[in-house]
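First the structure, in the form of structure tokens, and then the observations on it.
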Amino acid sequence: MNAFNRISLAVSIAPLAVSIALASAVALPVAQAAPAVEKTVGIASPFVAADDGTPLYVKDWGPKDGPVVVLSHGWPLNADSWESQMQFLAEHGYRVIAHDRRGHGRSGQPWAGNTMDQYADDLDAVLRAKGVKRATLVGFSTGGGEVARYIGRHGTSRVDKVVFVSAVTPIMGRTATNPDGVPEAVFESLRKASLDNRAQLYKDVASGPFFGFNRPGAQVSSGLIDSFYNQGMQAGSKATYESIEAFFHSDFREDLKKVNVPTLVIHGTDDQVVPIATTGRATVQLVKGARLIEYAGAPHGITDTHKDRLNQDLLDFLRR
């Protein structure tokens, strides 16, 4: 083979060698990258279980490491009734917890257990489930009774301070030992209206005495009336019916004597639902060192009608 032929052969073989080398390289096993690990995040449930298994809906707002404030709502409402206070306090660094009472709002509607004792035990279940070691307990209207009964049954080991807002304590209804209480006829009329047409009852309460919209010159808010109505209708009929007995006739006088932490009582002087003379002013007489703030001319529903003042009073008390 002459030199020319050898050069031609080499030139023709070269591309083939390159192709074989490339094919071999491609055929070599390549280390496989480890598959990406997908992170799964569990969905936190907004419910905790009462001791009898009833699901209790709980709102838990604000920084989880902040001082804890626990709010108990009134009849026939739910935790949404506290939204102004919850947002305000959470924005000021507090962890704010509020639950829907059994039979109300998004909580379960068991057939039994619509009593003040059970409400108090449910509050205890919420505190335990949420890992609350110390908290300021704030109760509005029926919720004030719930807070008092909680202390009566469970003590103050988890309680830092207490606030009663338009609360039914120490006792709302008229009895032999509470002759100036709300007449029994009011209790009977509430129960009858609840059975006859509770939807209309909620409209009448909200458009009348609850927010003071029945007073001359009152600025009526259809939004507040609708909110009260909607929350009431979200609750169960039996639960709200039986709750009337719980808030009207429960006697919290012995419970209040067990309150041994700083206590603030806030009440409107024109509360037509839970008159201040036999509730707010009487409560401070039973709780040693309690302080009373009276809102002149204010109605029952001051969590809405006087929310800015109430929010600031709560914050000032918490900071002390």
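The values are calculated or read from the model by the stated rules, or taken from the named source; none is laboratory data. It should be emphasised that the depicted structure is a prediction, and the values quoted were computed from it without experimental measurement. Please note: Cβ atoms are built from the backbone with ideal geometry, for glycine as well, and neighbour counts cover all protein chains shown. Quick note on the areas: whole protein, heavy atoms, side chains included, nothing else; ligands and nucleic acids left out. Shrake-Rupley method; radii C 1.70, N 1.55, O 1.52, S 1.80 Å.
Assorted remarks:
- Contact annotation: residue pairs with Cβ atoms under 8 Å, 6 or more positions apart or on different chains, pairing a residue in segment 291-320 that is at positive phi with a partner that is modelled with pLDDT of 95 or more, are Gly297/Gly268; Gly297/Thr269; Gly297/Asp270.
- Checking every residue in segment 225-234 against the condition of being closer than 22 Å to Asp160 by Cα and of a type in the set (A, V, I, L, M) gives zero matches.
- Residue among Ile266, Ile244 that is under 22 Å from Leu310 (Cβ atoms) and not in a loop (DSSP other than H, G, I, E, B): Ile266
- Test result for Phe211, over 30 Å from Arg153 (Cβ atoms), of a type outside the set (Gly, Ala, Ser) and either touching a residue at least 60 places away in the same chain (Cβ under 8 Å) or touching a strand residue (DSSP E or B) at 6+ places or on another chain (Cβ under 6 Å) (or both): yes
- Index of the failed condition, Thr115 passing every other in (1) under 14 Å from the mean Cα position of the chain (by Cα); (2) more than 16 Å from Pro55 (Cβ to Cβ); (3) among the polar types (S, T, N, Q): (1)
- The single condition among (1) within 26 Å of Leu71 (Cα to Cα); (2) of a type in the set (D, E, K, R); (3) in contact (Cβ under 8 Å) with a residue 12 or more places away in the chain that Asp180 does not satisfy is (1).
- Taking segment 54-142 and the strands (runs of 3 or more DSSP E) fully enclosed by it, the elements with 3 or more residues that are in contact with a Lys or Arg (Cβ under 8 Å, 6 or more places away or on another chain) and open to solvent by 10 Å² or more (accessible area, probe 1.4 Å) are at 55-61.
- Scanning segment 271-278 for any residue that is part of a loop (DSSP other than H, G, I, E, B), more than 26 Å from Gly223 (Cα to Cα), open to solvent by less than 30 Å² (accessible area, probe 1.4 Å) and of a type in the set (S, T, N, Q) turns up nothing.
- Count of segment 244-293 residues which are closer than 18 Å to Asp160 by Cα and of a type in the set (D, E, K, R): 5
- The sole residue among Gly208, Gly173, Gly155, Gly212 that is at positive phi, surrounded by fewer than 21 Cβ atoms within 10 Å (Cβ to Cβ) and not hydrophobic (A, V, I, L, M, F, W, C) is Gly155.
- Residues of segment 221-236 that turn out to be free of Cβ contacts under 8 Å to residues at least 24 places away in the same chain, closer than 17 Å to His73 by Cα and open to solvent by less than 60 Å² (accessible area, probe 1.4 Å), as a count: 1
- Yes/no for Ala218 being free of Cβ contacts under 8 Å to residues at least 12 places away in the same chain and either in a helix (DSSP H, G or I) or within 17 Å of His73 (Cα to Cα) (or both): no
This table checks each residue for (1) open to solvent by less than 60 Å² (accessible area, probe 1.4 Å); (2) in contact with a helix residue (DSSP H, G or I) (Cβ under 9 Å, 6 or more places away or on another chain).
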site	(1), (2)
Tyr241	yes, yes
Gly268	yes, yes
Gly289	no, no
Gly297	yes, no
Asp304	yes, yes
